[in-house]
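Here is the structure we will look at, set down as structure tokens.
Readers should treat all values here as calculations from the given coordinates under stated rules, not as data from a laboratory. What you are looking at is a predicted structure, and each value in this text was computed from that prediction instead of being measured. Here Cβ is always computed from backbone atoms with ideal geometry, including for glycine, and neighbour counts include all displayed protein chains.
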Amino acid sequence: MRVSIIMGSDSDLNIMKEASIVLTKLGVEHELTVVSAHRTPDRMYEYAKNARERGMRVIIAGAGGAAHLPGMVASLTTLPVIGVPIKSSNSIDGWDSILSILQMPNGIPVATVALNGARNAGLLAARILSTHDESISQALNLYTQEMKSSVLAKAENVAQQMKKGLSQ
């Protein structure tokens, strides 16, 4: 495994599966599991402390509400940690999660993506790995080209719709 995707609760799965989807598309080995900073602190501690030995190179940690999981994991490992703030049912429009992950103290960095931005977290993890893996770099280039082609096709579709509308 190369990337660990963890979340504080299975209620976060709908958001966090986006990281798994993009990593699968890019051919990046990963795992996905629940590790709660508050309800299973011993599991979190062991998970973070042993991640490197288990072959992990990047950890993506999603959390809502108080959102301590990314920061606590980052305090226990030197691996890059990407935090995904999640707008949860008890969240204050997601701002509590964003600020909990974003405002880390000096010495404990956590890269932070947008609210519910697990797909970008997966892409960032792949970009980190691509610095030493040409196959991931090539997969990212293909992904970028597919996005470009999609946008150009949509632009052409809009142009065609405009021509039809103007001629009526």
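Here are a few things to note about the model shown:
- Once the Cα gyration tensor of segment 19-59 is diagonalised, semi-axes √(5λ) in Å: 22, 13, 6
- Stretching the chain fully between ASP10 and VAL34 yields a gain of 8.0 nm (0.36 nm per residue, less the alpha carbon separation).
- For the chain, size of Cβ-based charge dipole, Lys and Arg +1, Asp and Glu -1, in debye: 380
- Plainly put, segment 91-168 has a radius of gyration that is 1.21 times its Kirkwood radius, both from alpha-carbon atoms, as the Rg/Rh ratio.
- Taking the average, over residues, of other Cβ atoms within 10 Å as the packing measure, peptides 143-150, 130-137, 119-126, 61-68 rank 61-68, 119-126, 130-137, 143-150 from highest down.
- A simple charge model with +1 on the Cβ of Lys and Arg, -1 on the Cβ of Asp and Glu and nothing else charged puts the dipole of segment 1-86 at about 180 debye relative to its Cα centre.
- In sequence order, calculated HN-Hα J values of segment 69-77 (Karplus, 6.51, -1.76, 1.60; Hz; x Gly/Pro): 4, x, x, 5, 5, 4, 6, 10, 9
- Compared with the direct C-alpha span, the chain from TYR45 to ALA155 gains 34.7 nm at full extension, assuming 0.36 nm per residue.
- Footprinting exposure proxy ranking of LYS17, LYS164, fewest other C-beta atoms within 10 angstrom first, gives LYS164, LYS17.
- 15 Å tail of the calculated P(r), segment 4-101, as % of Cα pairs: 57
- Computed with the Debye formula from one identical point scatterer per Cα of segment 105-146, without solvent, the log10 of I(q)/I(0) at q = 0.20, 0.26 Å⁻¹ comes to -0.70, -0.91.
- Straightening the chain between ARG54 and SER135 buys 27.0 nm, computed as 0.36 nm per residue apart minus the Cα-Cα spacing.
- Considering the chain, its Cα convex hull presents a mean projected area of 11.9 nm².
- Centre separation in Å (Cα based) which lies between segment 71-144 and segment 1-49: 11
- Long pairs among LYS25/LYS154; LYS25/LYS164; LYS25/LYS163; LYS87/LYS163; LYS25/LYS87, criterion Cα-Cα beyond 30 Å: LYS25/LYS164; LYS25/LYS163; LYS87/LYS163
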